[in-house]
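A short write-up of the structure that comes next.
The values are calculated or read from the model by the stated rules, or taken from the named source; none is laboratory data. Worth saying up front: this structure is predicted, and the values here are computed from it rather than measured. When we count neighbours, we look across all protein chains shown, and the Cβ atoms used for this are built from the backbone with ideal geometry, even at glycine. Keep in mind that these areas ignore ligands, DNA and RNA; they rest on the heavy atoms of the full protein, side chains included. Shrake-Rupley method; radii C 1.70, N 1.55, O 1.52, S 1.80 Å.
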Amino acid sequence: MTPLLEAKHVSKHYGANTALSDLSMSIDTSKPAITAVVGESGSGKTTLARIILGLVPPSEGQVLYQGQDMARLSGTERRQFRRDVQAVFQDPYEVYNPFYRVDHVLTTPVRNFNLASSRAEGRTMIENALRAVGLRPEEILGRYPHQLSGGQRQRIMVARAVLMKPKLIVADEPVSMVDASLRATILTSLRKLTDEMGISIIYITHDLATAYQVSDNILVMYRACVAEAGAVERVVKHPQHPYTQLLISSIPQVSTTRDWLDDEGDQKTAATPSAHGCRFVDRCPVAMPKCSTTLPPLYRTEPARAAACFQHEASPTLPNGALNEVLTPTPS
Amino acid sequence: MNAILKVEGLKVEFDHPLGAVKAVDDVSFALQPGERLGLAGESGSGKSTMALSLLRMIKPPGRITAGRVSLDGTELSALDHEAMRHLRLAGIAMVPQGSMNSLNPVIRIKAQFADAFRDHGLKLSSAELDARVAELLRTVGLRPHVADLYPHELSGGMKQRACIAIAICLRPKVIIADEPTSALDVVVQRQVMETLARVQRDLGCAIILVGHDMGLMAQFVDRLGVMYAGRLVELAPIAEIITRPRHPYTQALISSLPSLEKRGAMQGIPGLAPLLRDLPPGCAFHPRCPRAEARCTTEKPAVREVAPNQQAACHFA
Ligand SMILES: Nc1ncnc2c1ncn2[C@@H]1O[C@H](COP(=O)(O)OP(=O)(O)OP(=O)(O)O)[C@@H](O)[C@H]1O
Ligand SMILES: Nc1ncnc2c1ncn2[C@@H]1O[C@H](COP(=O)(O)OP(=O)(O)OP(=O)(O)O)[C@@H](O)[C@H]1O
Ligand code: SF4
Ligand code: SF4
Ligand SMILES: [Mg+2]
Ligand SMILES: [Mg+2]
């Protein structure tokens, strides 16, 4: 079956800066799953989301929507795409028009895509979607964006995506501004969408604990590249790439043992990365000579995971473009 | 010891046609010099509003309806406009929630620093400015060339770090940071918090950290205040909050934390946060509270000392 969406060897350059380097992945609606994308700030996660959403064109490579090049969709196809693929943006401030009440972001899609057969039905749908993200419709509707807290604005965007019942939701930091209890509530309801309605979700986050809880697969990004990818259980519990190891060991623990700040774990952040070798070589505690001259490919260390690190070169390489082979829904 | 910041009976309301929204309801606390105080609690419970009201930065239809705030013995409501403006970077500096979005999009990072310096009467030569900016950027883990970039050329994380650097540029006595690291990866988070810790040691200032990340709180703050529906429902040393939370809301919040040990164990507190313009009678948490009794539906619990150095607003804490 043709995947819903397919990114083929996409790269994005901003001047001399590479924001995303040769990434391929696809979203197959016959295998709905939640894929977490985590990694360094500035590693290209939002860039990947924007390319998948067709908001920025890739510098190289292409994105296919149902087999068609996104850059050449007809009006009808584009409209279908906007229905099938929903975004929750990282920055909840950017999306709102300050002159419209927040109702606008919810009623517009209901109207444009004829989601409801009557006004009353539309209203009920909106209210249910708001409650699913822990918001009281009577408190939220009628307000302007600046009259809401950060987390309330963020949750309205999630409610909007849920309302549309798309095939794919690309959620960029959807719950970074809400408390732990609400994160659990919202992510649990997103998980339900995947399990019960077959909606796939790309969940971009810095919160590794919720990524671990809610996702099937995880993609760890470092400086525009995939450092490690695979089943979330394996990657989080037994990270194989030194960057993933650093990341996991840097999670601040809810504990009375305070060892987070004194940790000498990461010191060499000011060094310039090598132009040809491994992107992590300037910070890697186990770097080898070849690491500064050669870029490590992804090695498939297990059926459902791969790591881009020469420590694993005994394993077969995962051909570039075959990332999806290690990203599979958790067998249930 | 004399508190550096003292807040007494602070109330903030937003006028609303259907009734006033009580976003901050009778909040009191004292911040000791050099202390790190965390503020957590439900989304929409009034944390950011409280932080902004400390600097009298509440915009209409919001207003401070009661309470006193004093910094180092000076009552802030007595200050004129000009004195208040100066106080806003040199006395209490604020890194607002989502401040990375408030960077001016059409000017370079260096110029944003220059504006902050100029606003506060600091005259620097161009070489001094360059050196100062490079140093501030370095302390937050950014490379010097960032000074010459526009905000849109930075990732979210880089912008947030630039904002922290701007906030600390005039060596304030109190830094209020509203979710400063929620947009950053944990490795960079740690660098930023180490930076804040270092700045704090150097300046001897106190920090109020607003945020939802309990791990970060556990690792960074001395005491934690927990807000629910506009009230500070618990305030205690962080170790007590983690191991022996007294208020049922705090208890529920702590037990909803996601685990890295076992998958599929995530659960939020059932029910919705109350409507702030029409709070339930008695304790605002009673419709969701597993320990609620008849008394809770009629009688509002006062904030009281439940253990040495630990206060909570619950009849049974
Ligand atoms: N419009 C733009 N112009 C120039 N550079 C950009 C632009 N957008 C992003 N970049 C650069 O591309 C890189 C990747 O940015 P991106 O926003 O994708 O990172 P991210 O992984 O989402 O980071 P974060 O975790 O901080 O949100 C960064 O170095 C950033 O500075
Ligand atoms: N201008 C306004 N008019 C009416 N209500 C407002 C206004 N600004 C904020 N509020 C309400 O005041 C309450 C407190 O908001 P605040 O931003 O302080 O919450 P918060 O605790 O910081 O939440 P978050 O964790 O989501 O950032 C919210 O319920 C919000 O909807
Ligand atoms: S390839 Fe070399 S430098 Fe890169 S992560 Fe592996 S060991 Fe470290
Ligand atoms: S006062 Fe009653 S309802 Fe409120 S938190 Fe305590 S037990 Fe629960
Ligand atoms: Mg991003
Ligand atoms: Mg806030």
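Miscellaneous remarks
- Unmet requirement for A:T194, which otherwise passes all of (1) of a type in the set (V, I, T); (2) more than 10 Å from chain B (Cβ to nearest Cβ); (3) within 20 Å of B:S182 (Cβ to Cβ); (4) surrounded by fewer than 24 Cβ atoms within 10 Å (Cβ to Cβ): (3)
- Residues satisfying the stated conditions in segment B:208-253, i.e. within 16 Å of ligand 4 (Cβ to nearest atom) and charged (D, E, K, R): B:R231, B:E234, B:R244, B:R246
- Where a residue in segment A:33-52 is over 17 Å from A:R234 (Cβ atoms) and its partner, wherever it lies, is polar (S, T, N, Q) and near ligand 1 (Cβ under 9 Å from one of its atoms), with Cβ under 7 Å and at least six apart: A:S41/B:S155; A:G42/B:S155; A:T46/A:Q90
- In segment B:306-317, the residues that are more than 23 Å from the chain's Cα centre (by Cα) and either of a type in the set (S, T, Y) or more than 16 Å from B:P281 (Cα to Cα) (or both): B:V306, B:A307, B:P308, B:F316, B:A317
- Across segment B:84-96, the number of residues qualifying as within 11 Å of another protein chain (Cβ to nearest Cβ) and in contact with a Pro (Cβ under 9 Å, 6 or more places away or on another chain) comes to 0.
- Positions within segment B:1-40 being more than 15 Å from B:G62 (Cα to Cα) and without any contact (Cβ under 8 Å) to a residue 60 or more places away in the chain, in sequence order: B:M1, B:A3, B:G9, B:A30
- Residues that are within 14 Å of another protein chain (Cβ to nearest Cβ), surrounded by fewer than 18 Cβ atoms within 10 Å (Cβ to Cβ) and out of contact with any His (no Cβ under 7 Å at 6 or more places or on another chain), drawn from segment A:94-113: A:E94, A:V95, A:R101
- B:R291 within 14 Å of chain A (Cβ to nearest Cβ), open to solvent by 70 Å² or more (accessible area, probe 1.4 Å), over 25 Å from A:L130 (Cβ atoms) and not hydroxyl-bearing (S, T, Y): no
- Considering segment A:104-223, the qualifying strands (runs of 3 or more DSSP E), each wholly inside and each with 1 or more residues that are within 16 Å of ligand 3 (Cβ to nearest atom), run over A:217-222.
- Selection count, segment A:42-57, where residues are in a loop (DSSP other than H, G, I, E, B) and crowded, with 24+ Cβ neighbours inside 10 Å: 2
- Criterion: surrounded by fewer than 24 Cβ atoms within 10 Å (Cβ to Cβ) and more than 8 Å from chain B (Cβ to nearest Cβ) - qualifying residue of A:P242, A:P174: A:P242
Results for (1) at pLDDT below 90; (2) within 16 Å of ligand 2 (Cβ to nearest atom), shown as yes or no for each residue.
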position: B:V146; (1), (2): no, no
position: B:Y150; (1), (2): no, no
position: B:L170; (1), (2): yes, no
position: B:E179; (1), (2): yes, yes
position: B:S182; (1), (2): yes, yes
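- Selection status of B:A229, more than 9 Å from chain A (Cβ to nearest Cβ) and on the phi > 0 side of the Ramachandran plot: yes
- Residues satisfying the stated conditions in segment A:225-239, i.e. touching a residue at least 40 places away in the same chain (Cβ under 8 Å), buried (at least 23 other Cβ atoms within 10 Å of the Cβ) and either facing chain B (nearest Cβ under 10 Å) or in a loop (DSSP other than H, G, I, E, B) (or both): A:V232
- Filter pass, B:I107 being within 16 Å of ligand 6 (Cβ to nearest atom), surrounded by fewer than 20 Cβ atoms within 10 Å (Cβ to Cβ) and not small (G, A, S): no
- Of everything in segment A:197-224 that is of a type in the set (G, A, S) and closer than 23 Å to B:T181 by Cα, the residue that is farthest from the other protein chains (Cβ to nearest Cβ) is A:A224.
- With respect to the conditions (1) buried (at least 21 other Cβ atoms within 10 Å of the Cβ); (2) closer than 30 Å to B:L10 by Cβ, B:L142 lacks only one, and its number is (2).
- Residues of segment A:47-96 classified as out of contact with any helix residue (DSSP H, G or I) (no Cβ under 8 Å at 6 or more places or on another chain) and of a type in the set (F, W, Y), total: 0
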